[in-house]
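> Input: one structure, supplied below.
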Amino acid sequence: MEATIVTILALLFLSFVALGVYATVKVAKAAKRGVDRTLDQARRTVEDTTLRAKSFGQAGVAAELAKLRLSLRGSMRATQDALQAGAVEDASLRESLDLFARLSAHGRELDEDLKRLEREPDKAYVAGQLPALAERTERITGSADALRQAARDRARRFAEDDLETLSAQIDVETGALRHWTTTDGRDGREAAAGAEAAQPAWYESTPAPQERPRAGETPQAITAPDPRATPYPWEKTARPESAG
């Protein structure tokens with residue numbers, strides 16, 4: 001019996017240790033991914049800032065190469081963000097993400113070529129390669145822009161369709177909530193007219209019978225009741241005046 005209890009306690013201890021190790025590894029991996037993501041973002045920011053400085057502060061082939069890299073990186077990054085955000089709600093964009101992954105391979109290859117040419121000392125050779133590099137950049141960025149714009153147009157169209165359907169449902173609901181407009185406006189008047197038509201002809205012409213005074217009583221004048229005699233519920237009762 002004691003051996004069984006010791007075995008169970010040992011198993012529980014080992015389970016807690018394994019769980020602790022697993023949680024520690026998961027937290028460490030998540031922290032590493034966060035650090036890597038921060039470093040990548042910082043590196044991209046530094047590279048973009050450097051390229052902008054080269055495109056505005058320098059002239060010749062160096063500035064042209066910097067402009068091509070900026071155009072390529074900006075277009076690809078914007079398209080990636082748009083497709084990834086849209087794929088969360090629209091599963092049909094998964095195929096577009098696959099196409100963009102293939103396009104990204106060509107984009108990375110072009111960016112590496114442009115980066116190598118930035119270190120090329122023969123500026124005449126670089127100038128001769130610029131037309132072909134500009135054409136490649138335009139083809140890649142044009143395809144990326146087409147994917148991004150199509151995804152945004154699709155999302156905008158879905159939003160417009162959803163808004164149109166919602167507006168129609170709201171119109172139906174507001175009509176149902178205002179059902180008294182039809183009932184009171186038309187049916188109510190028709191009901192009142194039908195009630196008046198159903199009354200006999202003598203209903204309006206025959207006066208109401210009056211109670212005759214008893215013998216020996218003096219007829220009293222018809223007067224309105226004193227409103228002070230029947231106070232409203234929210235009125236305070238008047239305080240009786242002192243006899244003195």
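The values are calculated or read from the model by the stated rules, or taken from the named source; none is laboratory data. Keep in mind that this is a model prediction, so the values were computed, not measured. Neighbour counts are summed over all protein chains in view; Cβ atoms, including those assigned to glycine, are modelled from backbone coordinates with ideal geometry. Surface areas here come from the heavy atoms of the whole protein model, side chains and all, with no ligands, DNA or RNA. Shrake-Rupley method; radii C 1.70, N 1.55, O 1.52, S 1.80 Å.
> Any chance you could tell me what percent of the C-alpha pair distances in segment 49-166 go past 22 Å?
That tail contains 44 percent of the Cα-Cα pairs.
> So what are the ³J(HN,Hα) numbers for segment 80-91, from phi and the Karplus equation (6.51, -1.76, 1.60; θ = phi - 60°), rounded to whole Hz, Gly and Pro as x?
Residue by residue, segment 80-91 yields 4, 5, 5, 5, 5, 5, x, 5, 5, 9, 10, 5 Hz.
> May I ask you to derive the FRET efficiency for ALA63 and LEU19 from their Cβ-Cβ distance with R0 = 45 Å, giving the value to the nearest 0.05?
E(calc), rounded to 0.05, equals 0.20.
> Per the 1.4 Å probe, what fraction of the accessible area of segment 25-156, in percent, lies on carbon and sulfur atoms?
54 percent
> Give me the dipole magnitude in Debye, nearest 20, for segment 1-153 about the Cα centre, with unit charges on the beta carbon: positive for Lys and Arg, negative for Asp and Glu.
In total the dipole reaches around 400 debye.
> Take ARG94, project a point 7 Å from its Cα along the Cβ direction, then tell me which residues of segment 137-152 have their backbone nitrogen under 12 Å from it.
Within reach of a label on ARG94, which here means backbone N under 12 Å from a point 7 Å along Cα→Cβ, segment 137-152 contributes nothing.
> Could you rank the peptides 61-67, 138-144 by their average count of other C-beta atoms within 10 Å per residue, with the highest value first?
So the peptides 61-67, 138-144, ranked by packing, come out 61-67, 138-144.
> If you take the beta carbon distance between PHE56 and LEU163 as r and set R0 to 30 Å, what does 1/(1 + (r/R0)^6) give as a FRET efficiency, to the nearest 0.05?
The pair PHE56/LEU163 has a calculated efficiency of 0.10.
> Just order 108-114, 173-179 by mean Cβ neighbour count inside 10 Å, highest at the front, would you?
Descending packing order for the listed peptides: 108-114, 173-179.
> Quick one, can you get me the convex hull of the C-alpha atoms of segment 36-117 expressed as volume per residue in Å³?
Each residue corresponds to 94 Å³ of Cα convex hull volume.
> Under a plain spin-label model, where a point goes 7 Å from the Cα along Cα-to-Cβ, how far apart in nm are ALA85 and ALA10?
Each label point lies 7 Å from its Cα, and together they span 5.8 nm.
> Moving to a separate point now. Would you mind getting me the FRET efficiency between VAL27 and HIS179? Use the beta-carbon distance for r and R0 = 51 Å, nearest 0.05.
Result of the calculation: an efficiency of 0.30.
> For q values of 0.19 Å⁻¹, compute log₁₀ I(q)/I(0) with the Debye formula on a Cα-only model of segment 100-144, without solvent.
Each listed q maps to, in turn, -0.59.
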